[in-house]
Structure formats: structure tokens, C-alpha cells
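Colleague: One structure follows; several queries about it will come next.
Only the coordinates and a few stated rules stand behind these numbers; no lab work does. Since we're looking at a predicted model, the values are computed, not measured. Cβ placement follows ideal geometry from the backbone for every residue including glycine, while neighbour counts extend to all protein chains displayed.
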Amino acid sequence: MTVKSAGSYLYYVYDSGQRYIVDIERGTCNCGRYQIDEIPCPHGIAVLKSKNVDVKDYGRYCSELYRPQTIVKTYELPIVSMLDKKDWNVPGFVDDEEVLSPKYRRPPGRPKKERHLKSSESLSLNLNRCGKC
Ligand SMILES: [Zn+2]
């Protein structure tokens with residue numbers, strides 16, 4: 001990957017003929033992974049490497065959610081287990097309600113004869129067949 005500066009925090013990253021625009025301060029890349037995962041995508045990592053950022057400082061470019069202190073805070077409150085089922089206080093209107101399965105409606109058209117292959121299966125598809133099938 002080739003990294004070129006396009007401003008104070010903007011960078012162009014060229015990867016396999018594609019150009020990605022990374023804003024390292026806002027944590028965005030037009031590949032979309034940086035915004036969704038809130039962890040630098042491969043293009044963000046390429047920018048950090050080009051800026052000679054120490055690997056130990058990469059955490060600054062990740063979301064607070066991944067920091068150990070945040071994870072510890074998640075379990076700070078005690079989790080109280082439920083009482084035995086016979087001791088539950090269920091309101092009458094909840095107990096009286098009958099939940100039925102949804103009505104099945106056959107979709108239009110002929111059902112498919114073969115299932116769709118996963119992308120990993122299609123690569124390893126064995127094309128050797130006998131003359132009858
Ligand atoms: Zn990216």
C-alpha cells in the first residue's frame with residue numbers, strides 16, 4: 001500500500017488499484033471498516049505505519065469500547081441471579097396470553113432445487129463428474 005498525505009489528517013492510501021481516503025483523527029476510511037469496527041482498518045494501519053506511530057500508541061486510534069478499563073466497568077455492577085421459577089411473580093395478563101406461531105404462507109414460484117453455495121464452497125467445487133450425472 002502506498003500512502004500520500006492529502007492534508008493535516010487526510011491521507012490517500014493506494015491499494016490494488018483502489019484509492020482509499022483515510023481521516024486518521026476522525027477515524028474514517030471510505031472502505032467503511034474503520035467507522036464500523038472503530039479500529040483502524042488495513043488502510044488506517046498503513047497510515048499509522050507511514051507516520052512512524054509506535055505500535056503501543058495504536059490504542060489511541062481505537063474506540064474507548066476496546067480499552068480494558070471500559071470492559072472492567074461493564075462488569076462493575078453486581079449481576080443478581082433470578083429466583084427459582086416457582087417463585088416468579090408473573091402477572092395474570094402475561095400468563096393468560098397465548099403465543100401462536102406465525103401463519104405459514106407459501107412464497108410464489110417454484111421452490112429451488114439446489115441450495116445456494118457459500119462463497120468458500122464455490123472455490124472448492126469439485127467439477128469431476130461421471131458421464132451419467
Ligand atoms: Zn479502510
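Colleague: List the pairs whose first member sits in the stretch 43-58 and is closer than 14 Å to Tyr9 by Cα, whose second member is of a type in the set (D, E, K, R) and outside any helix (DSSP H, G or I), and whose Cβ atoms are under 8 Å apart, counting only residues at least 6 apart or on separate chains?
Modeller: His43/Asp15; Ala46/Asp15
Colleague: Which residues, counting only those in the stretch 13-42, are basic (Lys, Arg) and in contact (Cβ under 8 Å) with a residue 12 or more places away in the chain?
Modeller: Of everything in the stretch 13-42, just one residue is basic (Lys, Arg) and in contact (Cβ under 8 Å) with a residue 12 or more places away in the chain, namely Arg26.
Colleague: Out of the stretch 37-85, which residues are of a type in the set (Val, Ile, Thr) and exposed (fewer than 10 other Cβ atoms within 10 Å of the Cβ)?
Modeller: If the condition is that a residue be of a type in the set (Val, Ile, Thr) and exposed (fewer than 10 other Cβ atoms within 10 Å of the Cβ), then Val55, Val72, Thr74, Ile79, Val80 are the ones that fit.
Colleague: If I filter the stretch 18-36 down to residues being touching a helix residue (DSSP H, G or I) at 6+ places or on another chain (Cβ under 8 Å) and under 16 Å from Ser5 (Cα atoms), which single residue comes out as surrounded by the most Cβ atoms within 10 Å (Cβ to Cβ)?
Modeller: Val22
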